[in-house]
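Worksheet for the structure shown next.
The values are calculated or read from the model by the stated rules, or taken from the named source; none is laboratory data. Computed from a predicted model, the values in this text were never measured in an experiment. Counting neighbours? That spans all protein chains shown, and the Cβs are built from the backbone with ideal geometry, glycine included. Ligands, DNA and RNA are excluded from the accessible area calculation, which covers all protein heavy atoms including side chains. Shrake-Rupley method; radii C 1.70, N 1.55, O 1.52, S 1.80 Å.
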Amino acid sequence: MTPASSSARGDARETPLARLSRPPANRWPDGVLHHGSRVLLWILVAVAVTSFFPGARGLRFSPYQLGVVASEDLIAEVTFGVPKDMEELDRERAAAAAAVPPTFRFDAGAAERMSQALDGLFETAATAERESQPDQAMERLLSERGLVLTSAQRGILRDAGARAVLANASRRAVADLLPEGVLDEAAPIEPGPTGRILIVAEDGSERFVALDDARTTREFYEGAAQELPRDAGSELNEVYRLALIRYIEPSLRFDAEATGQDRDASRRAVPVNKATVLQGEAIVRANQQVGEAEAERIRVYEEALRAQGRLEEGGLDIGSLVAAMALNILVLGVFGGLLVLYRPDVYGNFRWLLLLAILILAFTGAGGVIARNELAPELLPIAFVSLATAVLWDGRLALILAATLAALVGTQPPFYGMNVWLPVFVAGSAAALSVRAVRSRAQTWIFIAIIVGAYLAVLASIGVVLQRNLAQIMESFAWAGGNAVVSAILAMGFLPVFEWFTRITTDQTLLEWADPNRPLLKRLSMEAPGTYAHTINLANLSEAAANAIGANGLLCRVGVYYHDVGKVAKPHYFIENQPSGRNPHDKLKPATSAAIVKEHVSEGIRLAKEAHLPEVLVDFIPEHHGTQEISFFYERARAELEKGEELDPEQYRYPGPRPQSRETAIVMLADSVESAARALHDPTRERLRDLMDSIVEDKIQQGQLDEAPMTLRELGIIREQFLKVLAGVYHTRIDYPQTRHLTESHYSDPARTPPPAFGAPAFGEGTTEGPGRHRSEGAGSRRFPRRGSLAPALGEGEPALFPVEGPLEGTVGGPVDGKAIGGVDPGDTRD
């Protein structure tokens, strides 16, 4: 996207940034200040980048960076261990702790305590039987012991024979089963992958038992049930089961303290190093590619040497620092040279250079934070820089900047290796090339998808080359994907701030100003409807021509919307807004009328600035008039000039400047062409072509296009595009019999010139003045040719009203607004 240039008009209160952006008028002092400020900025950025990445002290291992092929062997001078990362170490320690079986201690007194509790139960039942109300007494006594039974179950305990059966069976079960061991299932048992438990006897002896072989309380209840007679009823079995459940005493008690100590010891036993490199062992061999494992060993080796004082720690290495700064200056100098030679517009605008410097510093500053905190290099925000640059300027500049930043970050010690600079370059290039024209917020997700796809491709390729596992590749991709999303959103979010700082107007901003509900456009449509209709039609013609030559069509369209907005101050002084009646200029002096005509330019600029219209749109207001003469009032003033008086031609000329861009030059031509075409009788393709040739040639002769960056080839394309559009607008239509009496009644007389098209004066407002009166174009008292000719366009003159004898066929209406052949004439009105 090519940003539109701002006007070269100076400001009375010129800011330092504006002064530095102004082309130097001489070598000294302007030239030195102009270029010196840019050299100083270049050096300051290089110094800042160097400070973000302080060089490593002592011995460097730069020849052994990740992804490169070692040129020579690297032999360990000391023995060192390669530590595991914390995630891996925690995982192994957890596995080691889980492998430790839980510890259970055998409780030899459990059988005796359970037997005593059961005997007490049966004695309580016998005591209750001797009470006056045995059932109520038994219910109360059993409740005190925590046992709740039904009336039928209490009746069984009241039976002395049944109590004897229950007592004998429970004594045998406790004596036979508890000494074998019954697990305390209430304890948090974690047998681990071995499925075993450790049983510690009272004498300290230990034995491992499979957890499945240990007796559980459920199995104890099932074994104890075998001690009852076979003919015991269900109620007796239930009382027996409830009594065992109430007074169970597991003989294998879980020892949480001993289990925790054993597992802690197991965790501590896990080695913290995954490998040990012995003194004299090769860390990496010559002609071997440095992979992830080798790069990690080299890093640990360097730390080991430094810890043992075997590296030179003599403070900051000034030589290395100067060399790093020189390298950064060199890399940034390549980008600066590109701007000087191929992008002088960017080099000449100090605001733009300052923003580029800020973007470079933001990227490298983030890189410094990432390096210091040992974060993933995929977090480098290259997409933020590339997207912002591509939207503000174009994809080519963003692509070169991405390559520069990739080279810049690749020369920094923490980011050596293709696993850093290559993803930066590929992702930055994808971001730069993905931007064409940003006209909706939804496009941000398209950018994100393209950038993420580029990251995926490059990270997968690097992962395969460096023999990374799938988990490492997916981790890198996760960091890169998150970075792409955040960077793109931040770039679009900061875009209004960047536009404000650089004074660049992007397509998004242009679309916002094209909203017809904008107060200024709303006012124009309500207070000057004829001018508004002219604006809409002219916008269509200008946009088509701009797109045809590769100019900014959207800028043309939106600029045209505001080009005549100053007419809202005095709309009735312009013919397109005069429904009927006398021309108000008839009672004014020529100088006053000319001042009113010129006033709509200054008034338009004032209104535009009050509405905070972007400068690039404000430029359309004066530049589409250029410095053309308001010839109608000038000629009238000359005619009224008394002998001995002098006339100031500048009073009858637009203040300018002439068009400074292709877009404003197109609008100047389109305005005149459309005005003249509307007043052209029988607008055939050949007559339209002759008309446009005359108008364009006149503008060239006046020098109105001298300052616009437009070639003759582009002028030819513009003419053809005008012809294509206008031929479609003024094509021949069917003369229906039902309406022929309306279309022929007033203009069947060949001595009458046809009126302008319906809705005129849309673009140029050039119309006839009535029967026998026509507008002529040009300076002096030039008249239209009589028959079959085109009036040559001479300048931005107001139309003079000349009586003409006889019909004029093929004549062209004069200018309106003082524009050549078809500019809008504020003094022109229909009688």
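Residues whose amide H falls under 5 Å from that of Val284, counting only those 5 or more places apart or on a different chain, are Leu74, with hydrogens built in the peptide plane.
Ranked by the mean number of other Cβ atoms within 10 Å per residue, highest first, peptides 508-514, 619-625, 573-579, 465-471 order as 619-625, 573-579, 508-514, 465-471. Taking the average, over residues, of other Cβ atoms within 10 Å as the packing measure, peptides 324-333, 87-96, 386-395 rank 386-395, 324-333, 87-96 from highest down. Protein heavy-atom accessible surface, 1.4 Å probe, per residue over the range 191-328: 58 Å².
A crude spin-label estimate for the pair Thr15 and Leu211, with each label 7 Å from Cα along the Cβ direction, gives 7.3 nm. Extending 7 Å from Cα along the Cβ direction at Arg523 and again at Ala126 yields two label points whose distance is 11.4 nm.
Using 0.36 nm per residue and subtracting the Cα-Cα separation, the extra length available between Val78 and Asp159 on full extension is 20.4 nm. The order of the peptides 450-463, 256-269 by mean Cβ neighbours within 10 Å, most packed first, is 450-463, 256-269.
Each part reduced to its alpha carbon centroid, the range 548-610 and the range 465-481 end up 63 Å apart. Solvent-accessible area of the range 251-408 (1.4 angstrom probe, protein heavy atoms only): carbon and sulfur portion equals 58 percent. Note on Arg268 and Ala256: the extension gain reaches 2.5 nm, defined as 0.36 nm multiplied by sequence separation minus the Cα-Cα distance.
Size of the range 194-318 from its Cα atoms: along the principal axes, largest to smallest, the extents are 99, 31, 29 Å. Rounded to the nearest 0.05, the FRET efficiency derived from the C-beta distance between Gln279 and Glu87 at R0 = 30 Å is 0.55.
A full extension of the chain between Arg436 and Gln308 corresponds to an added length of 40.4 nm, given 0.36 nm per residue minus the alpha carbon distance. Only the Cβ atoms of Lys and Arg (+1) and of Asp and Glu (-1) were treated as charged; on that basis the dipole of the range 244-357 about its Cα centre amounts to roughly 280 debye. Take the Cα of His612, step 7 Å toward its Cβ, do the same at Leu361, and the gap between the two points is 2.6 nm.
Shape descriptor for the range 540-689: Rg over Rh equals 1.01 (Cα atoms; Rh from the Kirkwood inverse mean 1/r).
Accessible area per residue for the range 465-617, computed on protein heavy atoms with a 1.4 Å probe, is 43 Å². Stokes-Einstein diffusion of the range 645-686 at 37 °C, 0.692 mPa s viscosity, Kirkwood radius from Cα pairs, rounded to a whole number: 250 µm²/s.
When both the range 87-153 and the range 356-412 are represented by their alpha-carbon centers, they are found 72 Å apart. The range 662-679 and the range 195-229 have their alpha-carbon centroids 104 Å apart.
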